[in-house]
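Here, each number is a calculation from the coordinates, and none is a lab measurement. All figures in this text were calculated on a predicted structure; none of them were measured in a lab. Cβ placement follows ideal geometry from the backbone for every residue including glycine, while neighbour counts extend to all protein chains displayed.
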Number of protein chains: 2
Amino acid sequence: MTTTDRADATILESPSLEDACEGITDGLDRDALVTVFGRCTVDYDGRASSQLEAGDRHVMCKPDGTTLVHGFEGQQPINWQPPGCDVSVSCDHDAPALVLESVRSTPKERLSVRFERVVQVAALSGTDDSDLTLSGTEADLRERLLETPELLEPGFRPLATERETRAGAIDIYGEDDAGRTVVVELKRRRVGPDAVGQLRRYVDALERDLHADASVRGILVAPSVTDRAERLLADHGLEFVSLEPTTE
Amino acid sequence: MTTTDRADATILESPSLEDACEGITDGLDRDALVTVFGRCTVDYDGRASSQLEAGDRHVMCKPDGTTLVHGFEGQQPINWQPPGCDVSVSCDHDAPALVLESVRSTPKERLSVRFERVVQVAALSGTDDSDLTLSGTEADLRERLLETPELLEPGFRPLATERETRAGAIDIYGEDDAGRTVVVELKRRRVGPDAVGQLRRYVDALERDLHADASVRGILVAPSVTDRAERLLADHGLEFVSLEPTTE
DNA sequence: TATTGGATTTCGCGT
DNA sequence: ACGCGAAGTCCAATA
């Protein structure tokens with residue numbers, strides 16, 4: 001074994017297209033994270049299709065088959081290919097150009113990056129065993145409400161989470177102090193009309209499932225609502241309770 | 001002016017933390033795309049909050065204030081900061097460590113990456129003036145249906161796009177051959193329950209707006225529907241027409 | 001493998 | 001700045 005625990009890098013500066021091709025191939029073979037910076041065109045065909053004229057971009061190929069093409073602006077890559085794709089690199093001597101291709105079969109997708117010039121190739125090896133700990137999610141909001149049900153209203157009793165209905169799963173299903181059925185939909189942040197539609201679907205479905213004459217209460221729990229969402233709630237006799245995922 | 005048209009790179013291999021700090025600072029000052037690969041911890045606090053123990057990661061800082069922290073797996077960054085943030089780098093000699101911080105004020109967010117070892121720093125300069133051309137979008141589906149309305153059904157006449165209602169804007173608003181009002185909701189790909197809820201909101205809102213006794217037809221246009229969505233459509237008297245954004 | 005809904009969603013457009 | 005909905009959304013959990 002020649003594996004090193006310590007992170008390391010194999011770097012090529014302004015390589016020929018042939019050297020770049022070899023460097024990228026070697027890196028991919030070693031399961032390194034390979035980056036290529038240079039002038040290229042990009043073509044994609046699959047769920048949609050796109051073309052991009054020549055420009056300088058940063059391409060990253062991860063050992064899990066992910067490919068990302070980044071420009072100088074924006075958080076999102078210009079083009080990409082998801083994990084699990086097959087990457088191949090080759091030199092087109094006639095053009096001349098270095099071509100990086102990534103494909104997958106379901107769905108059928110193909111990404112092609114054609115470099116006319118390569119400024120840098122880096123093959124980066126290392127390890128990362130840690131998991132991210134994240135708080136402030138919808139799951140945290142659910143925990144908070146289940147631990148302290150009176151945050152919804154006095155007398156609220158949660159009976160189930162993820163209760164299935166014909167329209168999908170209800171976040172929290174319970175009863176109020178008068179024994180009426182309550183459907184709670186949780187959102188970690190300010191909500192718009194879509195969340196109201198979602199809550200309404202669940203309330204409707206539950207009324208059908210129970211073919212109850214007694215009405216089902218629907219309560220949206222989130223830090224805040226938009227005006228339109230508030231009107232929609234009122235239109236359909238639904239309620240809102242303001243609550244945040246964490247206590248700060 | 002010392003600007004170069006040609007892309008170029010300034011690279012440091014296994015630099016000291018001090019040299020890395022200087023290289024990153026120089027790169028950011030020159031509006032380069034700066035990448036740092038090394039062993040680091042990451043902390044985020046803002047819309048949510050997260051911590052990440054030490055591991056080898058690839059950090060990218062773009063000239064527009066974007067920061068991305070990538071691991072060896074997945075298309076999405078482990079942590080990030082959106083465009084418009086302020087980045088600063090400093091050396092903590094006591095620890096010792098190199099600290100990269102990115103902050104923004106609305107909403108208040110802070111990302112802190114603390115390197116204990118740096119394997120590579122690259123400052124990448126270049127230009128990219130091209131725009132992506134993309135096809136197969138919902139806009140393409142709308143064009144297709146407006147150009148050939150009979151793809152929906154014989155006698156369909158579109159009257160407006162983006163027609164506003166109390167619940168939001170309708171994709172295509174029109175009439176059928178019997179003069180009945182038609183609401184069309186478009187989706188570029190297979191749809192689930194959420195799209196049905198959306199269509200339903202628009203149909204309801206339109207019936208109110210027109211306080212019509214005559215019923216309003218709601219038609220979902222997409223390549224296909226899931227089973228649950230199909231049931232929901234039936235439950236609410238809504239219709240489905242299969243159509244793709246492009247003719248392949 | 002497909003379905004479903006969350007996400008520090010991001011992004012673009014309109015008000 | 002906020003609201004709203006699309007996205008080649010990605011992603012994990014689930015059936």
Charges at C-beta only: +1 for Lys and Arg, -1 for Asp and Glu. How large is the resulting dipole of chain B about its Cα centre, in Debye rounded to 20?
700
Rounded to whole Hz, the Karplus (6.51, -1.76, 1.60) HN-Hα couplings of region B:221-228, x for glycine and proline:
10, 6, x, 6, 10, 7, 4, 4
Order of A:Thr67, B:Thr165, A:Thr226 under a 10 Å beta carbon neighbour criterion, fewest first:
A:Thr226, B:Thr165, A:Thr67
Projected onto the charge dipole of chain B (+1 at Lys/Arg Cβ, -1 at Asp/Glu Cβ, origin at the Cα centre), which of B:Ala97, B:Pro193, B:Phe156 gives the Cα projection farthest towards the positive end?
B:Pro193
About the Cα centre of region A:138-242, how large is the charge dipole given +1 on each Lys and Arg Cβ and -1 on each Asp and Glu Cβ? Please answer in debye to the nearest 20.
320
A:Arg189 versus A:Asp235, label points 7 Å from Cα toward the beta carbon: distance in nm?
2.5
Cβ neighbours within 10 Å from other chains - mean over B:117-124:
5
First obtain the Kirkwood hydrodynamic radius of region B:138-242 from its Cα pairs, then insert it into the Stokes-Einstein equation at 20 °C and 1.002 mPa s, and state the resulting D in µm² per second as a whole number.
158
Once phi for every residue in region B:76-86 is put through the Karplus expression 6.51 cos²θ - 1.76 cosθ + 1.60 (θ = phi - 60°), the whole-Hz ³J(HN,Hα) values, with Gly and Pro written as x, are 8, x, 5, 9, 6, 9, x, x, x, 8, 9
Based on the Cβ-Cβ distance of A:Lys108 and B:Gln76, what FRET efficiency does E = 1/(1 + (r/R0)^6) give at R0 = 30 Å, to the nearest 0.05?
0.85
The size of the Cβ-based charge dipole (Lys, Arg +1; Asp, Glu -1) of the protein assembly as shown about the Cα centre, to the nearest 20 debye, is 1220
Relative contact order as a percentage, chain B, C-alpha pairs under 8 Å and 6+ apart, gives 16
How far, in nm to one decimal, is B:Gly155 from itself in the other copies if the label point is set 7 angstrom along Cα toward Cβ? Shortest first, please.
5.5
Rounded to a whole number, what is D in µm²/s for the protein assembly as shown from Stokes-Einstein with the Kirkwood radius over alpha-carbon pairs (4 °C, 1.567 mPa s)?
50
Using only the Cα atoms of region B:1-158, what do you get for the radius of gyration and for Dmax, in Å?
21.5, 77
So, in nm, how far is label A:Glu138 from label B:Asp45 when the simple model puts each one 7 Å beyond its Cα toward the Cβ?
2.7
With R₀ set to 41 angstrom, the calculated FRET efficiency between the beta-carbons of A:Ser16 and B:Leu159, to the nearest 0.05, is 0.10
How far is A:Pro83 from itself in the other copies, in nm, if each label sits 7 Å out from Cα along the Cα-Cβ line, shortest first?
2.8
With respect to the cross-link table entries A:Lys108/A:Lys187; A:Lys187/B:Lys108; A:Lys62/A:Lys108, which display a Cα-Cα separation exceeding 25 Å?
A:Lys108/A:Lys187
Out of residues 5 or more away from A:Gly218 or on other chains, whose amide H comes under 5 Å of its own, with H placed 1.01 Å from N in the peptide plane?
A:Val183, A:Glu239
Pair B:Glu53, A:Leu151: separation of 7 Å Cα→Cβ label points (nm)
2.8
For chain A, what does the helix formula give at 222 nm: sum of -39500 (n - 2.57) over DSSP H segments with n ≥ 4, over the residue count, nearest 500 deg cm²/dmol?
-6000 deg cm²/dmol
Using each residue's phi in region A:182-193, evaluate 6.51 cos²θ - 1.76 cosθ + 1.60 at θ = phi - 60° and report the 3J(HN,Hα) Karplus result to the nearest Hz, with x for Gly and Pro.
10, 9, 10, 10, 9, 9, 6, 9, 3, 10, x, x
Shape call for region A:78-171, from the Cα gyration tensor axes a ≥ b ≥ c (a/c under 1.5 means rounded, otherwise prolate when a/b beats b/c, else oblate), comes out prolate
